[in-house]
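Q: Can you read through this structure? Questions will come right after.
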Amino acid sequence: FMGPISLRKALAQSRNIPAIKAYYLAGEMEPIMELAQNMGVKFLDTDREYGWPLALGAAEVQPLSMVASFGTFANGGVYHEPISILKVETAQGEILEEHKTDDGKEALDPQIAYLINDILSDESVRIGPNMSVSGRNVATKTGTSTDPDGDARDLWTIGYTPNLVAGVWTGNNKADEGKPAKNASGYVNAAPIWKNFMTQALQDFPSEDFSAPEGITTASVSKLTGKLPGPGTPPDQVVEEIFASFSVPTEVDDSVTQTDVDTRNMKLANEYC
């Protein structure tokens, strides 16, 4: 528990309590699963009542669909169905069948997708170097699930650039066949594999940044409240943050005031101090 924390840092570092709070703010299970499915996630069990553990990864999913859903972020909110066979041709080069790329479907507001991309590519808040690729702007997320005894079971890392998304699952989903190493996690076990793959896969391509859609705004806010800085907001508690056009803060921070205190006991000063 780190105390009050921004959503940016909470998401980047996989903090559980903020995720559970976000679950309730988002309307709980039904709208969350509907959004995830629109983005491409295929749940193995859609009839189960997961409740708030859904926010921590309690619902099992197919890895390919999870990777495709992260591609929705990379595509600025547009989901494309995964395709495994692009073209079939004869030995003479005659094309028998060929996949035609479509426009996909918008599953997420482009501004929201960009906010996620900006957070997951922010090296100042991510867990560590296993989630970075040298010279590349990559967005990365790890995940670790445990069994009732607290032993790691599913160890994930999924990350992407504007033109490539890749996911790595490690672990063991059969309890009678052993368990991953002690203290295993998505960051320790899956992330190095992901990093090595992405480093090789991207080496012949230019580096790309995630382009901001129309409406994205930058504003100075108080780290204490997320509101606009007020007269009493300490300068070291003011930070630049990005916002969607429909969520730019309008309230002013009034959480800090100045008053006289007695330096001997830090109580409010009276006429005898």
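Q: Filtering segment 152-188 down to residues that are over 18 Å from the mean Cα position of the chain (by Cα) and open to solvent by less than 50 Å² (accessible area, probe 1.4 Å), which residue is farthest from M66 (Cα to Cα)?
A: Looking at the filtered set, the residue picked out is G178.
Q: I've got another one for you. Would you check which residues across segment 149-178 are farther than 20 Å from Q62 by Cα and among the charged types (D, E, K, R) and list them? Even if it seems obvious, please write down each step before you answer.
A: To start, the set of residues in segment 149-178 that are farther than 20 Å from Q62 by Cα comprises 149-151, 161-163, 176-178.
Those that are farther than 20 Å from Q62 by Cα and among the charged types (D, E, K, R): D149, D151, D176, E177.
Residue-by-condition table, conditions (1) in a strand (DSSP E or B); (2) over 17 Å from I5 (Cβ atoms):
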| site | (1), (2) |
| --- | --- |
| V221 | yes, no |
| T225 | no, no |
| P231 | no, yes |
| F246 | no, yes |
| P249 | no, yes |
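Q: Within segment 128-151, how many residues are among the small types (G, A, S), over 18 Å from V67 (Cα atoms) and assigned to a strand (DSSP E or B)?
A: Result for segment 128-151: 0.
Q: Across segment 207-221, what is the total count of residues that are open to solvent by less than 100 Å² (accessible area, probe 1.4 Å) and under 26 Å from G128 (Cβ atoms)?
A: 3
Q: Same structure again: Specify the residue that is nearest to D154 (Cα to Cα); the eligible residues are those in segment 76-91 that are among the aliphatic types (A, V, I, L, M) and surrounded by fewer than 11 Cβ atoms within 10 Å (Cβ to Cβ).
A: Among residues in segment 76-91 that are among the aliphatic types (A, V, I, L, M) and surrounded by fewer than 11 Cβ atoms within 10 Å (Cβ to Cβ), the one nearest to D154 (Cα to Cα) is I83.
Q: It is to be established whether one or more residues within segment 169-186 are modelled with pLDDT of 90 or more, under 28 Å from V78 (Cα atoms), β-branched (V, I, T) and not in a strand (DSSP E or B). Let's see the steps before the verdict.
A: Step one: of segment 169-186, the residues modelled with pLDDT of 90 or more are 169-170, 185-186.
Next, from what is left, pick out any that are under 28 Å from V78 (Cα atoms): 169-170, 186.
Going one step further and asking which of them are β-branched (V, I, T), we end up with 170.
Now narrow it down to the ones that are not in a strand (DSSP E or B): none.
No, that holds for no residue.
Q: In addition: Counting residues that are surrounded by 15 or more Cβ atoms within 10 Å (Cβ to Cβ) and either of a type in the set (G, A, S) or without any contact (Cβ under 8 Å) to a residue 40 or more places away in the chain (or both), which helices (runs of 4 or more DSSP H) fully inside segment 6-75 reach at least 3?
A: 16-25, 29-38, 63-74
The values are calculated or read from the model by the stated rules, or taken from the named source; none is laboratory data. Bear in mind that the values here come from a model prediction, so they are computed numbers and not experimental data. Cβ sites come from the backbone with ideal geometry, for glycine too, and all protein chains shown count toward neighbours. We work out accessible area using only protein heavy atoms, side chains counted, and drop any ligands, DNA or RNA first. Shrake-Rupley method; radii C 1.70, N 1.55, O 1.52, S 1.80 Å.
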